[in-house]
Amino acid sequence: MSKKSSETKQKILEAAKIAFSKKGYDGVSIDEIAQIANVRKSLIYYYFPSKEVLFEEVWVNSIDELENELFGSEEETENYYVKIKNFLRRYIDFLTSKKAISELIRREKTNVLDQDSWKNAKKRYENFLGKIEQMIIEGKKKKCVNDNVEPEVATEMIASVDSVPRKSLLKRVEQMLLKVLLKDNV
């Protein structure tokens, strides 16, 4: 793919991310995405054979970006108190700074998990959740996470933080999650 072609594809993906984050999958047309990207509709179909394929690529790229932010630079610390605290802080920071991705995930995660046609998107999101769950399991093994914390439930609670309607409460939600998760209520 040429540099210009790659730039055009990225421009379409960025426009689609913005559109899907504002109106959701069902509320957006390819025409609207073309208008935002300032390209012809036919050019979108050149790169993406359907709206479903375009959405799925936007979703996977968004989860990749989120996961890279949260897990990309593995901390050298073996201290799981610090690891979990830093993870939650990075997650909250991501949700407040990357508004288009945050809104996209909040708006569409239920649909992604329920749609049979978005297998790659569903698998990608489930893999992301699995990494969070594995971190909690490891924290339990290291005796940092409370014994009564169920990793699967804690993962869903963490993943639902993006649904907090008042973003001003996110830091307090982070503190509450730390109190629930960590043994020493650090």
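The values are calculated or read from the model by the stated rules, or taken from the named source; none is laboratory data. Keep in mind that what you see is a predicted model, and the values were worked out from it rather than measured. Here Cβ is always computed from backbone atoms with ideal geometry, including for glycine, and neighbour counts include all displayed protein chains. Surface areas here come from the heavy atoms of the whole protein model, side chains and all, with no ligands, DNA or RNA. Shrake-Rupley method; radii C 1.70, N 1.55, O 1.52, S 1.80 Å.
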- line: Largest-first semi-axes in Å of the equivalent ellipsoid built from the Cα gyration tensor of the range 118-186 are 22, 19, 7
- request: Summarise the accessible area of the range 1-83 (1.4 Å probe, protein heavy atoms) by the percent that is carbon and sulfur.
  value: 47 percent
- request: Provide the packing ranking of 50-56, 157-163, 146-152, i.e. peptides ordered by the mean count of other C-beta atoms within 10 Å per residue, highest first.
  value: 50-56, 157-163, 146-152
message: For the range 1-41, what does the accessible surface come to per residue with a 1.4 Å probe? Please give it in Å².
response: 60 Å²
- line: For the chain, the convex hull over Cα atoms projects on average to an area in nm² of 11.6 nm²
message: Can you give me the long-range amide H partners of residue 182? Hydrogens built in the peptide plane at 1.01 Å from N, cutoff under 5 Å, separation of 5 or more residues or another chain.
response: 146
message: If you average the alpha carbon positions of the range 53-104 and of the range 146-186, how far apart do those two centres end up, in angstrom?
response: 15 Å
statement: Applying the span-like rule to the chain (DSSP H, Cα extent along axis at least 27 Å, Kyte-Doolittle mean at least -1.0) gives 3-23, 51-71
Accessible area (Å², per residue) of the range 44-186, counting only protein heavy atoms and a probe of 1.4 Å: 53 Å²
message: Largest first and in whole Å, what are the equivalent-ellipsoid semi-axes of the range 11-55 based on the Cα gyration tensor, each being the root of 5 times an eigenvalue?
response: 14, 11, 8
statement: Over all viewing directions the Cα convex hull of the range 1-88 casts an average projected area in nm² of 7.4 nm²
message: Suppose every Lys and Arg Cβ carries +1 and every Asp and Glu Cβ carries -1, with no other charges. What dipole size does the range 1-146 come out with about its Cα centre, to the nearest 20 debye?
response: 180 debye
field: the range 52-131: proportion of alpha-carbon pairs further apart than 15 angstrom, %
entry: 58 percent
field: Taking the chain and dividing mean pair separation by its residue count, relative contact order in percent (alpha carbons under 8 Å, at least six apart)
entry: 21 percent
